[in-house]
Amino acid sequence: MATVLVIAEQAGGKVKKASLAAITAGQQLAKGGAMHIGVLGENPADAAASLLGYGAAKVHAAAHAGLAHYLAEPFAKVVADLAKANGATHVVLPATAQGKDVAPRIAARLGAGMASDISAVVDDKTFKRPMWAGNVVGAVEITTAVKVVTVRVSEFAAAAAGAAAGEVAKFAADPGTPKAKFIKFEEVKSARPELTEASIIVSGGRGTKSKEGYKATVEPLADLLGAAVGATRAIVDDGWVPNDWQVGQTGKVVAPQLYFALGISGAIQHVAGMKGSKTIVAINKDPDAPIFQVADYGLVADLAKAVPELMEEIKKVKG
Amino acid sequence: MKILVTVKRVMDYNVKPKVKPDGSGVVTDGVNMIVNPFDEIAVEESLKLKEKNGGEVVVLSIGTKDTTTQIRAALAMGADRGILVLADGSVDPDAAARLIKAVYEQEKPDLVVLGKQAIDDDSSQAGQLLAEYLGLPQATFASKVDVAGKTVTVTREVDGGLETISFDMPGVVTADLRLNTPRYASLPGIMKAKKKEVKEFTPAALGVDIAPKVKVLKLEEPKARQAGQKVPDVATLVGKLRNEAKAL
Ligand SMILES: Cc1cc2nc3c(=O)[nH]c(=O)nc-3n(C[C@H](O)[C@H](O)[C@H](O)COP(=O)(O)OP(=O)(O)OC[C@H]3O[C@@H](n4cnc5c(N)ncnc54)[C@H](O)[C@@H]3O)c2cc1C
Ligand SMILES: Nc1ncnc2c1ncn2[C@@H]1O[C@H](COP(=O)(O)O)[C@@H](O)[C@H]1O
């Protein structure tokens, strides 16, 4: 029977929403067995308390000054220790930057096989996962006794909280002595919703022409709709927008209700990150752009003209 | 400084992979094979570090005999010598990490540079596994690497911004796309590469069992999105978003 340990990610005492997708995968795996949730940090008590309503047999808070800033070595050690202490058969993490960084080290410590970025749980050892930039879906079997997976957040619904039950269990964390040192974190601050949490995303590509062009088209439309902003790798590379805005195979994978692709050609590496969106709108001046093959609604037009018109029209209908 | 850099042979990223009818793999006949794009960036970074700090760049790949082509491509960019670990069939990231570890123990490099992910399996595991197996620090998804004396300082692309960490060598770095733009091999570079040494090993000779911990049972193509419609103007678009898609 499965004993599943889900590792939730927190920052400043608040659980990151991506963790709720990992909890959903954990609940599916724990059927008939038990699910535990673990949170790590300098003081993760509040974050842990907020996780009491998800049906976990236990919520563990691993507190230590050495866990104040995320680093792979101490986090991997503490998670592996927690997994061993609770006889976990599965360790589940969200496929965030942290999850991707730490999960393989946890697997190595536990002698576990690992499946990255799973999109579905088939049974307690079989998972589906996207490969080749999402052009192929593989069914994979982890053959080791202990199994580690990271969860593609856009493929699992966020778990809903019920009434809080039980209390937080304290885990005596020993982070060891890491060889890497945390120096600094430069946060990209934004008043807009986060890409992976937004219900509407407005993304721009090279067709926005310049840094100024992006600012004049993508951003006002996003602000009118209360949307998050996204970008292609091409314009991130050109330095028009921060790296954190990149959508695609090597950027963020998103699945909003509504996705606007403005001046984006539709390279497979970009499409890999947004094709799960419910409704896709593409505006591109090239009628043969591949993006039109994945768009529900395609408009062949110049952005400079179409976006101001679109904003006028939206203001009209939304009053 | 001595750098060990890994390159994986993968299908050209411009080719849309086709799954074989029995789901046992993807069609590779007649498909152009390249160096995994992230690994090309890892090679470039290794060469830059050597140019600044002196030393040697050793290229390692695990694959069939054909993989020599990808090793030679890295040698043509300027790497000094190559190592090929011969393995037929698929080697999972865990087996790859344990093979890289065995080569590490022979070569004793100061730094191992890998790509952040292979664009075929999209696992993003090998670098982290290697670091844990060797008990070394890691800096994954690197967008900037500076070396001063023994200390490596790395800027990493993470959720919500950029993080900087540092460690004293030896250690493991995995390359993200924005770390650099790989150079093209020059004609003299290509000529020289032909004479550079490429040593071959078998996993058995390295004492590594490559039986996979994760088996790929079956591949399939995902459901394609339904073809959409073109709309003639902005008013029609907004009308459809409101009334048909109920998205506005
Ligand atoms: C290993 C690897 C990983 C990658 N990962 C990613 C990733 O995660 N995300 C990603 O996005 N890319 C990724 N890429 C890059 C990808 O292959 C494409 O190069 C990139 O997505 C193209 O960006 P773009 O659509 O902005 O630019 P382009 O392909 O240049 O397209 C610009 C589009 O704008 C249109 N246009 C121009 N002017 C106008 C106008 N006035 N009005 C309307 N339309 C106009 C053009 O018709 C064109 O279709 C990756 C590549 C590799 C090799
Ligand atoms: N068969 C291989 N040969 C050489 N390098 C590899 C191999 N498999 C993985 N790697 C390296 O490990 C990185 C991450 O691979 P992966 O964990 O499969 O996504 C790649 O970018 C390569 O640098």
message = Can you tell me which condition A:A133 does not meet? The list is (1) at pLDDT 95 or above; (2) within 10 Å of chain B (Cβ to nearest Cβ); (3) open to solvent by less than 20 Å² (accessible area, probe 1.4 Å); (4) more than 14 Å from A:A2 (Cα to Cα), and all the others hold.
response = (1)
message = Suppose we keep only residues that are of a type in the set (S, T, N, Q) and either under 21 Å from B:L111 (Cβ atoms) or touching a Pro at 6+ places or on another chain (Cβ under 6 Å) (or both) within the range B:144-186. Which one would you say is most open to solvent (accessible area, probe 1.4 Å)?
response = B:T181
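Quick grid of which residues meet (1) acidic (D, E); (2) open to solvent by 30 Å² or more (accessible area, probe 1.4 Å); (3) closer than 24 Å to A:E197 by Cα:
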site: A:A2; (1), (2), (3): no, no, no
site: A:I7; (1), (2), (3): no, no, yes
site: A:G26; (1), (2), (3): no, no, yes
site: A:M35; (1), (2), (3): no, no, no
site: A:E42; (1), (2), (3): yes, yes, no
site: A:G53; (1), (2), (3): no, no, yes
site: A:A57; (1), (2), (3): no, yes, no
request  = Take the range B:211-229 and flag every residue that is more than 7 Å from chain A (Cβ to nearest Cβ) and in contact with an Asp or Glu (Cβ under 7 Å, 6 or more places away or on another chain).
outcome  = B:P212
key: Residues being part of a strand (DSSP E or B) and polar (S, T, N, Q) - total across the range A:1-30   = 2
query = Looking at this structure, is B:E157 modelled with pLDDT under 95, of a type outside the set (K, R) and either assigned to a helix (DSSP H, G or I) or within 16 Å of ligand 1 (Cβ to nearest atom) (or both)?
reply = yes
query = Across the range A:83-97, what is the total count of residues that are facing chain B (nearest Cβ under 10 Å) and surrounded by fewer than 23 Cβ atoms within 10 Å (Cβ to Cβ)?
reply = 1
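Considering only strands (runs of 3 or more DSSP E) fully contained in the range B:29-111, which possess at least 2 residues that are at pLDDT 95 or above, open to solvent by less than 10 Å² (accessible area, probe 1.4 Å) and away from chain A (no Cβ under 14 Å)?
Values: elements: B:33-35, B:56-63, B:81-86.
In the range B:29-111, B:56-63, B:81-86 are the strands (runs of 3 or more DSSP E) which contain 2 or more residues that are at pLDDT 95 or above, open to solvent by less than 10 Å² (accessible area, probe 1.4 Å) and away from chain A (no Cβ under 14 Å).
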ask   = Name the residues in the range A:294-319 that are more than 18 Å from A:G226 (Cβ to Cβ) and either among the charged types (D, E, K, R) or more than 7 Å from chain B (Cβ to nearest Cβ) (or both), would you?
value = A:D296, A:A301, A:D302, A:L303, A:A304, A:K305, A:P308, A:E309
task = Identify the residue in the range B:1-28 that is open to solvent by less than 30 Å² (accessible area, probe 1.4 Å) and assigned to a loop (DSSP other than H, G, I, E, B) and, among all such residues, is farthest from ligand 2 (Cβ to nearest atom).
result = B:G23
task = Pick out the one residue from A:F185, A:F260 that is closer than 30 Å to B:L134 by Cβ, surrounded by 14 or more Cβ atoms within 10 Å (Cβ to Cβ) and either of a type in the set (A, V, I, L, M, F, W, C) or not assigned by TED's automatic domain parsing to the domain that holds A:P290 (or both).
result = A:F185
message = Looking only at residues that are under 22 Å from the mean Cα position of the chain (by Cα), open to solvent by 30 Å² or more (accessible area, probe 1.4 Å) and of a type in the set (A, V, I, L, M) in the range A:188-225, which one is nearest to ligand 1 (Cβ to nearest atom)?
response = A:V188
remark   = Apart from one, (1) more than 7 Å from ligand 1 (Cβ to nearest atom); (2) within 26 Å of B:G115 (Cα to Cα); (3) open to solvent by 10 Å² or more (accessible area, probe 1.4 Å) all hold for A:P287; the odd one out is (2)
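Tell me whether the range A:265-280 contains one or more residues that are part of a loop (DSSP other than H, G, I, E, B), within 11 Å of chain B (Cβ to nearest Cβ), of a type in the set (A, V, I, L, M, F, W, C) and buried (at least 21 other Cβ atoms within 10 Å of the Cβ).
Let us first name the residues in the range A:265-280 that are part of a loop (DSSP other than H, G, I, E, B), namely A:265-267, A:272-278.
If we keep only those that are within 11 Å of chain B (Cβ to nearest Cβ) too, we end up with A:267, A:272, A:274-278.
Those left that are additionally of a type in the set (A, V, I, L, M, F, W, C): A:267, A:272, A:274.
If we keep only those that are buried (at least 21 other Cβ atoms within 10 Å of the Cβ) too, we end up with A:272, A:274.
Checked against the condition, which is being part of a loop (DSSP other than H, G, I, E, B), within 11 Å of chain B (Cβ to nearest Cβ), of a type in the set (A, V, I, L, M, F, W, C) and buried (at least 21 other Cβ atoms within 10 Å of the Cβ), the range A:265-280 yields at least one hit.
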query = Somewhere in the range B:131-154, is a residue under 17 Å from the mean Cα position of the chain (by Cα), more than 9 Å from ligand 2 (Cβ to nearest atom) and part of a helix (DSSP H, G or I)?
reply = yes
key: Matching option when the condition is in contact with a Phe, Trp or Tyr (Cβ under 8 Å, 6 or more places away or on another chain) and touching a residue at least 24 places away in the same chain (Cβ under 8 Å), among B:I62, B:I83   = B:I83
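Okay, residues lined up against (1) touching a Phe, Trp or Tyr at 6+ places or on another chain (Cβ under 9 Å); (2) in contact (Cβ under 8 Å) with a residue 60 or more places away in the chain:
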site	(1), (2)
A:F171	no, yes
A:P175	yes, yes
A:V188	yes, no
A:R192	no, no
key: Any chance A:T250 is in contact with an Asp or Glu (Cβ under 9 Å, 6 or more places away or on another chain) and within 16 Å of ligand 2 (Cβ to nearest atom)   = yes
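Inspect all residues belonging to the range B:187-203 and state whether any of them is in contact with a Gly (Cβ under 6 Å, 6 or more places away or on another chain) and either open to solvent by 30 Å² or more (accessible area, probe 1.4 Å) or at negative phi (or both).
Within the range B:187-203, one or more residues are in contact with a Gly (Cβ under 6 Å, 6 or more places away or on another chain) and either open to solvent by 30 Å² or more (accessible area, probe 1.4 Å) or at negative phi (or both).
The values are calculated or read from the model by the stated rules, or taken from the named source; none is laboratory data. Since the model is a prediction, treat every value here as computed from it, not as a measurement. Heads up, the Cβs are rebuilt from the backbone with ideal geometry, glycines too, and the neighbour counts pull from every protein chain shown. Just the protein is used for accessible areas: all its heavy atoms, side chains included, with ligands, DNA and RNA removed. Shrake-Rupley method; radii C 1.70, N 1.55, O 1.52, S 1.80 Å.
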